[in-house]
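Here the structure comes first, spelled out in structure tokens, and everything after it is commentary.
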Amino acid sequence: MHTSFEPGARGPEGFIPLSVPEIRGNEWKYIKECLDTGWVSSVGAFVDRFEKQVAERVGTKFGIAAVNGTCALHIALLVAGVKPDHEVLVPSLSFIAPANAIRYAGAWPVFIDAEPDF
């Protein structure tokens, strides 16, 4: 079976995509620039510009981009002072990323359920 990845291409019948990218305006130009220069990763001119703009917007000296949410959570845990063998509360109804980030920091996730009434 051949699947086309051209813009606007549909998947096979019954296919439900996790997400559908919507790329328009200057985005194609920027993506092409990244591909042409080989900066398709977590570094490069666009990342540098993004970090500077975020820092300016929130009024801090630095802004840090993360490649994904798990990485961002890991950084946040370290900045918050979470150390190995600490316990970190996590909602029992969650995605796996928070628990993974906690373990990356060497700490232990403690799954909890919050009820409005006891």
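The values are calculated or read from the model by the stated rules, or taken from the named source; none is laboratory data. Source: prediction; values computed, not measured. All Cβ positions, glycine included, derive from the backbone under ideal geometry; neighbour counts span all protein chains shown. Accessible surface areas use protein heavy atoms only, side chains included; no ligands, DNA or RNA. Shrake-Rupley method; radii C 1.70, N 1.55, O 1.52, S 1.80 Å.
Observations on the structure shown:
- Tilt relative to the chain, helix 27-37 - C-alpha long axis, 0 to 90 degrees, to 10: 90
- Remark on region 31-71: ratio of C-alpha radius of gyration to 2.2 N^0.38 Å is 1.28.
- Along each principal axis, Cα extent of region 34-118, largest first, Å: 56, 29, 26
- From helices alone, the chain scores -11500 deg cm²/dmol at 222 nm; the rule is -39500 (n - 2.57) for each run of n ≥ 4 DSSP H residues, then divide by the residue total.
- Take the chain with all the other protein chains still there, run a 1.4 Å probe, and you get 86 Å² of accessible area per residue.
- Ordered by solvent-accessible area of protein heavy atoms (1.4 Å probe), largest first, the residues L35, L73, L78, L18 come out as L18, L35, L78, L73.
- Pair D36, V58: separation of 7 Å Cα→Cβ label points (nm): 3.3
- Normalising the average separation of contacting C-alpha pairs (under 8 angstrom, six or more residues apart) by the number of residues puts the relative contact order of the chain at 16 percent.
- Taking the C-alpha atoms only, the angle from helix 45-58 to the longest principal axis of the chain is near 50 degrees.
- With a simple spin-label model that places each label point 7 Å from the Cα along the Cα-to-Cβ direction, the separation between R24 and D117 comes to 4.8 nm.
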